[in-house]
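The values are calculated or read from the model by the stated rules, or taken from the named source; none is laboratory data. Everything quoted here is computed from the prediction, not taken from an experiment. Neighbour counts are summed over all protein chains in view; Cβ atoms, including those assigned to glycine, are modelled from backbone coordinates with ideal geometry.
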Amino acid sequence: MNFDLLTEKWLPVLTLDKKQEKLGLIELFARAHTLDRIVHDNPLVVSAINRFLIAIATRCVGGVSSDTFKTVFHAGRFDNIVREYLRSPQCNNKFNLFDKTAPFYQTPLLKQDKTTDIRKLSNAYSVGSNKSLFNHSHRKDGFLMDSSEVALRLIEGQCAGLGGGVSGTSSLGKHPNFKQAQLIGATSFYIHAQTLFDFLMLNNPALSDDEVGVPVWERTQEFSLTPRKLDGWCDYLTQQSRAINVIHGNDGRCSEMYYAQGESLEAEKSLLDPYFFYVENVTLKRTVPADFELQLKQGRTSPKMFLLQLMSKKAVHEKLPVGLENLAFIHELGWCSPMLNNLKCNVTGLVNNKANPLDWYEYIVDIPPFLAIDLAQSAV
């Protein structure tokens, strides 16, 4: 059974003329300059897919200060650079969802005494006694998830898994209890301009080629329950926070999987996510990621006001979202581009109470280019 993410149509996109389509990875990058953005009714899927695509783009164009990045930036399109990478030996068979030896984003050696409902991959579904959003059916019999949906939910599950609960023991050993994945507990801020190409270039987290690293599908070391060293931003963006082995039927549809806590990184708590605002919390006397959750609960402000407050000169910033830092870098170099005249910010997150999801949100907020660049420059 094969489901090749390079060519199968599974990624939901919005074109510049506001039509929705599904594309494979190769076609998406070939047409990125004609696409608006990733769209899905679940904002966590959007944010997770964005990180996945940014990792691929960053692996191909290098750090923002590299010559390759400059060439691609001024070309305004990816052309063949991503296709060549995805078809290269280091990616051979790594994007097949059901490959026997290296299934995409999974841990093929993982086996457990009991299987887990495939719906555990997403906070949109309820599984057993777990809380969920907008789905209140606890029936398992007869539920099947098709291959394209499994691919989306697999990436969501790796980026947005909730913490809490015993992970148990598998064929790999005793797993730690479940920990919150990257998207939980903070608001993500992605800078967007006119096209998906602009988005992927502006949100590149690596300044130099030394910071790029390798994504999970290029790693050669086996899965380990021992915390390991981080290998660049591509490694971070594709971290396997969950050990997953999907069980598929002959028709590619799935209902069960093996599922456990995944890999940990050394000094994980000290890592600063590239898409968060980090601000000084006077009460806690430490740096924390900004979270729109409290404002939503209290109805205190709009997403635009929240963003503008964070961007004001009165805010104490320990770390800005990388998109703003890249804007300042590009502006300082004098690179003229239409993308800098129409800036927006994608504000995404989950309202969560002790592993009980209450709401999710996605806002696209217009931001004045001069304000974004001024803030980034003043923070350097």
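Checking the conditions here, which among GLY213, GLY185 is of a type outside the set (Phe, Trp, Tyr), part of a loop (DSSP other than H, G, I, E, B), in contact (Cβ under 8 Å) with a residue 24 or more places away in the chain and on the phi > 0 side of the Ramachandran plot?
Numbers: GLY213 fails: in contact (Cβ under 8 Å) with a residue 24 or more places away in the chain.
Only one candidate qualifies: GLY185.
Listed here are the residues, each with its yes/no results for (1) surrounded by fewer than 17 Cβ atoms within 10 Å (Cβ to Cβ); (2) in a strand (DSSP E or B).
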{"position": "GLU263", "(1), (2)": "no, no"}
{"position": "LYS269", "(1), (2)": "yes, no"}
{"position": "LEU272", "(1), (2)": "yes, no"}
{"position": "TYR275", "(1), (2)": "no, no"}
{"position": "THR283", "(1), (2)": "yes, no"}
{"position": "THR287", "(1), (2)": "yes, yes"}
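Within segment 296-317, being modelled with pLDDT of 70 or more, surrounded by 13 or more Cβ atoms within 10 Å (Cβ to Cβ) and of a type in the set (A, V, I, L, M, F, W, C) holds for PHE306, LEU307, LEU308, LEU310, MET311. For segment 188-210, filtered to residues that are in a helix (DSSP H, G or I) and among the aromatic types (Phe, Trp, Tyr), the residue that is nearest to TYR275 (Cα to Cα) is PHE199. Determine whether ASN250 is surrounded by fewer than 17 Cβ atoms within 10 Å (Cβ to Cβ) and either basic (Lys, Arg) or closer than 26 Å to SER147 by Cβ (or both). Yes: the conditions hold for ASN250. Hey, could you check segment 68-123 for residues that are crowded, with 16+ Cβ neighbours inside 10 Å and touching a Lys or Arg at 6+ places or on another chain (Cβ under 7 Å) and say which is nearest to PRO357 (Cα to Cα)? Per the criteria, the residue is SER122. For residues in segment 272-292 being within 24 Å of LEU230 (Cβ to Cβ) and among the hydroxyl-bearing types (Ser, Thr, Tyr), which is nearest to the chain's Cα centre (by Cα)? The selected residue is TYR275. Answer yes or no: is there a residue in segment 132-149 that is modelled with pLDDT under 95, basic (Lys, Arg) and surrounded by 18 or more Cβ atoms within 10 Å (Cβ to Cβ). Within segment 132-149, not a single residue is modelled with pLDDT under 95, basic (Lys, Arg) and surrounded by 18 or more Cβ atoms within 10 Å (Cβ to Cβ).
Which of the residues that make up segment 1-58 are without any contact (Cβ under 8 Å) to a residue 60 or more places away in the chain, polar (S, T, N, Q) and not in a loop (DSSP other than H, G, I, E, B)? Within segment 1-58, THR15, GLN20 qualify.
Quick check on segment 177-185. Is at least one of its residues buried (at least 22 other Cβ atoms within 10 Å of the Cβ), at pLDDT 95 or above and among the hydrophobic types (A, V, I, L, M, F, W, C)? Looking through segment 177-185, none of the residues is buried (at least 22 other Cβ atoms within 10 Å of the Cβ), at pLDDT 95 or above and among the hydrophobic types (A, V, I, L, M, F, W, C).
As for segment 237-247, it holds at least one residue that is surrounded by 21 or more Cβ atoms within 10 Å (Cβ to Cβ), out of contact with any strand residue (DSSP E or B) (no Cβ under 6 Å at 6 or more places or on another chain) and aliphatic (A, V, I, L, M). Within segment 146-158, residues that are charged (D, E, K, R) reach partners that are assigned to a helix (DSSP H, G or I) with beta carbons closer than 6 Å, at six or more positions or on different chains, in the pairs ARG153/LEU121; GLU156/LEU44; GLU156/VAL45; GLU156/ALA48. State the number of residues belonging to segment 93-107 that are among the hydroxyl-bearing types (Ser, Thr, Tyr) and at positive phi. Count: 1. Each residue in segment 59-73 was checked for being assigned to a helix (DSSP H, G or I), touching a residue at least 60 places away in the same chain (Cβ under 8 Å) and hydrophobic (A, V, I, L, M, F, W, C), and 4 of them qualify. Within segment 221-254, the set of residues being assigned to a strand (DSSP E or B) and in contact with a Ser or Thr (Cβ under 9 Å, 6 or more places away or on another chain) comprises ARG228, ARG242, ALA243, ILE244, ASN245, ILE247, HIS248, CYS254. The requirement of being over 19 Å from LEU200 (Cα atoms) and either of a type outside the set (Phe, Trp, Tyr) or surrounded by fewer than 17 Cβ atoms within 10 Å (Cβ to Cβ) (or both) is not satisfied by ASP36. Comparison of ARG59, ARG51, ARG77, ARG37 shows that the only residue that is touching a strand residue (DSSP E or B) at 6+ places or on another chain (Cβ under 7 Å), charged (D, E, K, R) and within 27 Å of LEU333 (Cα to Cα) is ARG37.
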